[in-house]
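Here the structure comes first, spelled out in structure tokens, and everything after it is commentary.
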Amino acid sequence: EFTGRVCPALCEKACLNGLDQEPVTIKENELYTIETAYTNNWMTPYVPSVRSDKKVAIIGSGPAGLALAHDLNRRGHSVTVFEKEDRIGGLLMYGIPNMKLEKKVIQRRLEILSEEGIIFKTNMNVGKDITKKELEKEYDAIVFATGSKKARDLNVKNRDCTGIYFAVDYLTKATKHLLDNTEEISAKYKHVVIVGGGDTGNDCVGTSIRQGCASVVQIEMMPKAPDERLQSNPWPEWPKICKTDYGQEEAIAVFGSDPRIYQTTVKEFVKDKNGNLCKVVLVKLESKKDEKTGRMMMAEVAGSEYTVNAELVLIAAGFLGSEDYVTKAFGVEVNERTNVKTAPGEYKTNVPNIFTAGDMHRGQSLVVWAIREGREAAQQIDLDLMGYTNLSVQ
């Protein structure tokens with residue numbers, strides 16, 4: 001029910017039929033199958049008939065955490081999931097807009113998982129509200145699946161002015177407003193600039209249009225991808241082509257043009273006398289070889305600066321890794337990308353009985369990879385706890 005909605009369908013891009021025609025519609029087939037199962041009440045709780053004496057704490061309730069909980073609970077272990085937000089689901093709940101993934105889809109699955117015996121605890125910020133010592137006293141294994149939430153920032157003049165937000169904070173408040181009528185970061189009547197050309201940036205485009213923005217611009221550092229595959233990018237490789245997603249399609253329908261501007265970045269923010277954002281200075285970029293490293297890089301084009309009106313800027317420039325207050329509190333090692341460090345193909349950290357999975361382990365990635373990592377980690381944890389495992393990731 002999740003991959004059938006929000007996965008970019010890597011499998012379809014590698015489907016054999018895609019070599020000379022349209023691939024099999026695997027994503028739509030998945031969605032039809034699971035929705036048929038729910039419609040016919042085939043989706044019922046599976047409560048293990050035998051329980052082990054092992055207890056597992058899972059920190060984070062995104063797709064990796066939920067996959068872990070699902071498999072370990074069905075194996076018979078007692079599983080508790082800790083979530084620092086007020087609702088379970090991680091980025092499924094607050095990082096993906098409602099129009100892309102309705103929250104009732106998450107809730108119906110959570111009801112089944114709860115009936116199967118999984119305990120969910122919200123508003124629990126592990127590392128602050130509960131300590132390593134407390135968890136280790138009660139649980140045989142601890143698994144971190146808190147994602148890659150350290151947002152990449154912009155180091156430009158006047159970054160401190162009012163009206164600049166990280167995309168994940170903006171999208172979180174937008175969803176909470178829909179669910180609880182809480183205060184949102186509104187784009188209504190505002191000129192909006194979105195920094196980042198990926199899926200999150202696209203979600204910000206769609207959300208700002210729904211909020212009634214005056215205009216929206218989405219800037220991307222890299223050149224526009226080709227509209228069709230190049231010979232250097234053959235099947236079954238991921239097709240590196242320009243994709244116009246729902247947010248951009250809606251912007252074209254509302255404003256008459258594609259909101260994306262390529263090979264461009266922010267040079268400076270301009271604020272008014274009250275410290276509020278009023279304009280953004282943009283600059284064009286070109287590909288150049290770095291004289292020191294010899295690597296190609298995007299460099300500013302001299303004299304190409306220009307200014308656009310903006311009362312709201314949303315930074316959707318990706319993530320840099322895990323939040324360090326968590327890793328430091330539990331003493332787990334991180335790599336140069338600040339992802340939790342493990343041996344290749346492993347999910348064990350340097351600390352005994354502590355594991356990791358998902359974006360916190362592999363870095364910012366896709367829902368389908370988070371689920372896969374959760375299942376593989378569950379298998380390794382089960383083996384570690386029991387000395388053998390009958391869990392399968394297939």
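The values are calculated or read from the model by the stated rules, or taken from the named source; none is laboratory data. Predicted model, so just to flag it, every value in this text is computed and none were measured. Note that each Cβ is placed from the backbone with ideal geometry, even for glycine, and that neighbours are counted across all protein chains shown. Side chains included, ligands, DNA and RNA excluded: accessible areas come from the protein's heavy atoms. Shrake-Rupley method; radii C 1.70, N 1.55, O 1.52, S 1.80 Å.
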Counting only residues that are open to solvent by 70 Å² or more (accessible area, probe 1.4 Å) and of a type in the set (A, V, I, L, M), which one in segment 1-29 is farthest from Gly89 (Cα to Cα)?
Leu19
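Does segment 58-78 hold any residues that are closer than 23 Å to Ser365 by Cβ and either open to solvent by 40 Å² or more (accessible area, probe 1.4 Å) or aliphatic (A, V, I, L, M) (or both), and which are they? Please lay out each step first, then the result.
As a first pass, look at segment 58-78 and keep what is closer than 23 Å to Ser365 by Cβ: 58-72.
If the condition is that a residue be closer than 23 Å to Ser365 by Cβ and either open to solvent by 40 Å² or more (accessible area, probe 1.4 Å) or aliphatic (A, V, I, L, M) (or both), then Ile58, Ile59, Ala64, Leu66, Ala67, Leu68, Ala69, His70, Leu72 are the ones that fit.
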Answer yes or no as to whether Leu92 is open to solvent by less than 50 Å² (accessible area, probe 1.4 Å), of a type in the set (A, V, I, L, M, F, W, C) and out of contact with any strand residue (DSSP E or B) (no Cβ under 8 Å at 6 or more places or on another chain).
yes
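Among residues belonging to segment 226-249 that are of a type in the set (A, V, I, L, M, F, W, C) and open to solvent by 90 Å² or more (accessible area, probe 1.4 Å), point out the one that is nearest to Lys100 (Cα to Cα). If you could, list the steps in order and put the result at the bottom.
Here is the first cut: in segment 226-249, the residues of a type in the set (A, V, I, L, M, F, W, C) are 230, 235, 238, 241-242.
In the following step, the residues that additionally are open to solvent by 90 Å² or more (accessible area, probe 1.4 Å) were identified as 230, 238.
Values: Leu230: 30, Trp238: 22 Å.
Among those residues, the one meeting the criterion is Trp238.
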When (1) under 30 Å from Ile96 (Cβ atoms); (2) open to solvent by 60 Å² or more (accessible area, probe 1.4 Å); (3) among the aliphatic types (A, V, I, L, M); (4) in contact with an Asp or Glu (Cβ under 7 Å, 6 or more places away or on another chain) are applied to Leu285, the one that fails is (2)
Determine the pairs where a residue that is under 20 Å from Lys13 (Cβ atoms), located within segment 28-44, has a partner that is assigned to a loop (DSSP other than H, G, I, E, B) with Cβ atoms under 8 Å apart, the partner being 6 or more residues away or on another chain.
Leu31/Glu1
Val217 - would you say it is β-branched (Val, Ile, Thr), buried (at least 20 other Cβ atoms within 10 Å of the Cβ) and over 25 Å from Val6 (Cα atoms)?
no
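Step by step: first the residues of segment 95-135, then only those that are open to solvent by 20 Å² or more (accessible area, probe 1.4 Å) and among the small types (Gly, Ala, Ser), then the one that is nearest to Gln364 (Cα to Cα). Which residue is that? Show your work before the answer.
Within segment 95-135, the first condition is being open to solvent by 20 Å² or more (accessible area, probe 1.4 Å), and the residues that meet it are 96, 98-100, 102, 104, 107-109, 111, 114-115, 117, 119-125, 127-134.
Applying the additional criterion that residues be among the small types (Gly, Ala, Ser) yields 114, 117, 127.
Numbers: Ser114: 28, Gly117: 30, Gly127: 21 Å.
Checked segment 95-135; the qualifying residue nearest to Gln364 (Cα to Cα) is Gly127.
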State whether one or more residues within segment 162-180 are farther than 23 Å from Cys213 by Cβ, in contact with a strand residue (DSSP E or B) (Cβ under 9 Å, 6 or more places away or on another chain), exposed (fewer than 14 other Cβ atoms within 10 Å of the Cβ) and not small (Gly, Ala, Ser).
no
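For segment 366-385, indicate whether the set of residues that are more than 22 Å from Arg74 (Cβ to Cβ) and either without any contact (Cβ under 8 Å) to a residue 60 or more places away in the chain or surrounded by fewer than 22 Cβ atoms within 10 Å (Cβ to Cβ) (or both) is non-empty. Even if it seems obvious, please write down each step before you answer.
Start the filter on segment 366-385 by keeping residues that are more than 22 Å from Arg74 (Cβ to Cβ), which leaves 366.
After this cut, where a residue has to be either without any contact (Cβ under 8 Å) to a residue 60 or more places away in the chain or surrounded by fewer than 22 Cβ atoms within 10 Å (Cβ to Cβ) (or both) as well, the list is 366.
Yes, because at least one residue in segment 366-385 is more than 22 Å from Arg74 (Cβ to Cβ) and either without any contact (Cβ under 8 Å) to a residue 60 or more places away in the chain or surrounded by fewer than 22 Cβ atoms within 10 Å (Cβ to Cβ) (or both).
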So, Lys176, is that one charged (D, E, K, R) and within 21 Å of Val266 (Cβ to Cβ) or not?
no
Are there any pairs with C-beta distances below 8 angstrom linking a residue in segment 173-200 that is among the β-branched types (Val, Ile, Thr) to a residue that is open to solvent by 70 Å² or more (accessible area, probe 1.4 Å), with the two at least 6 apart or on different chains, and if so which?
Thr182/Lys173; Ile185/Tyr165; Ile185/Asp169; Ile185/Lys173
Of the conditions (1) at pLDDT 95 or above; (2) under 17 Å from Ala357 (Cα atoms), Glu28 fails just one. Which one is it?
(2)
Scan segment 314-341 residue by residue and report those that are open to solvent by 20 Å² or more (accessible area, probe 1.4 Å), under 20 Å from Glu136 (Cα atoms) and of a type in the set (Ser, Thr, Tyr).
Tyr325
Is it true that Ile261 is within 28 Å of Gly206 (Cβ to Cβ), in contact (Cβ under 8 Å) with a residue 40 or more places away in the chain and not small (Gly, Ala, Ser)?
yes
Helices (runs of 4 or more DSSP H) wholly inside segment 160-267 that include at least 2 residues being touching a Phe, Trp or Tyr at 6+ places or on another chain (Cβ under 7 Å)
167-180, 199-210
Residues located in segment 44-57, provided they are open to solvent by 90 Å² or more (accessible area, probe 1.4 Å) and under 20 Å from Phe2 (Cβ atoms)
Tyr46
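Take the residues in segment 188-212 that are hydrophobic (A, V, I, L, M, F, W, C) and under 19 Å from Lys100 (Cα atoms), then tell me which one is surrounded by the fewest Cβ atoms within 10 Å (Cβ to Cβ). So that I can check it myself, show each step before the final result.
Just the residues of segment 188-212 that are hydrophobic (A, V, I, L, M, F, W, C), to begin with: 192-195, 204-205, 209.
Restricting the remaining residues to those that are under 19 Å from Lys100 (Cα atoms) gives 194, 204-205, 209.
Working: Ile194: 31, Cys204: 29, Val205: 27, Ile209: 20.
Top of the filtered list is Ile209.
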